[in-house]
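A.B. asks: Structure below; questions to follow.
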Amino acid sequence: MSIKLSNKRCEEIKRIVVDMFVKYNVNCIPVNGFEIATKMGIKVLPYSSIKKSKRFLLYKPSKDGFFIEKEKDKFYIFYNDEKGYGRINYTILHEIGHIVLGHLQDSELAEKEVNFFAKYALVPPVLVHKLKLDNPTDISRIFDVSYEEAKYAYSYYQKWLIYGSDFYTDYEFKILELFKLNVA
């Protein structure tokens, strides 16, 4: 049986993402995981920075990337730099999600939460709406995400239109203010 995030938890994660945007002054599209990690004091290292003879060890936790906490509140994100930029950026935001949400171990629930965290951080539906984007190709181009990710974002945006676009939430107004989009 697959775990599904509750609407309440999704709302909490959206607020956490927006609070992170506010705290680190994230205010331009595309959202850049490297920039956020740097502002958070997280060291980001490509797999290729590790000696070739030891690099195989990096693939054990993940073929895409992972984070470690070396000392209290001293985090490192390792990422597979053989992937494309969109995948790398998603992976970094995914790992930031683990850190921000306080995940201490892997679980199906933790993965669902950080996948939602990264999806929402990369392509908030309110920005898609304000920019009047109506297809995955434009979302991919504007938000610099893979076409695959843009299809998921567009599908999520379509659900947002049905269930949540009648009025903007307080955190959606914050996003619009941060990204300097007219909130009228």
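Readers should treat all values here as calculations from the given coordinates under stated rules, not as data from a laboratory. A quick note: this is a predicted structure, and the numbers were derived from the prediction, not measured. Glycine also receives a Cβ, built like all others from the backbone with ideal geometry; neighbour counts cover every protein chain displayed.
A.B. asks: Can you tell me which of 70-80, 115-125, 48-58, 133-143 comes out highest on packing, and rank the rest after it, using the mean Cβ neighbours within 10 Å?
C.D. replies: 115-125, 133-143, 70-80, 48-58
A.B. asks: Moving to a separate point now. Using only Cα atoms, find the angle between the long axis of helix 147-163 and the longest principal axis of the chain, and express it within 0 to 90 degrees, rounded to the nearest 10.
C.D. replies: Tilt of helix 147-163: around 40 degrees.
A.B. asks: Same structure, new question: Given the -39500 (n - 2.57) contribution per DSSP H run of 4+ residues, what per-residue ellipticity at 222 nm results for the chain, rounded to the nearest 500 deg cm²/dmol?
C.D. replies: -16500 deg cm²/dmol
A.B. asks: If you don't mind, another one. Projecting each Cα onto the charge dipole of the chain (Lys/Arg +1, Asp/Glu -1 at the beta carbon, about the Cα centre), which of Cys10, Tyr154, Asn25 comes out farthest on the positive side?
C.D. replies: Asn25
A.B. asks: How much of the DSSP bridge set in the chain is antiparallel, in percent, rounded to the nearest 5?
C.D. replies: Counting only bridges with both partners in the chain, antiparallel ones make up about 60 percent.
A.B. asks: If you don't mind, another one. Only four residue types carry charge here, +1 at the Cβ of Lys and Arg and -1 at the Cβ of Asp and Glu. Report the dipole size of the chain about the Cα centre in Debye, rounded to the nearest 20.
C.D. replies: With Lys and Arg at +1 and Asp and Glu at -1, about 520 debye.
A.B. asks: By how many degrees, between 0 and 90 and to the nearest 10, does the Cα long axis of helix 7-23 differ from the longest principal axis of the chain?
C.D. replies: The helix 7-23 is inclined about 80 degrees to the chain.
A.B. asks: Using just the C-alpha positions of the chain as equal point scatterers, what log10 of I(q)/I(0) does the Debye formula give at each q in 0.10, 0.12, 0.18 1/Å?
C.D. replies: -0.40, -0.58, -1.27
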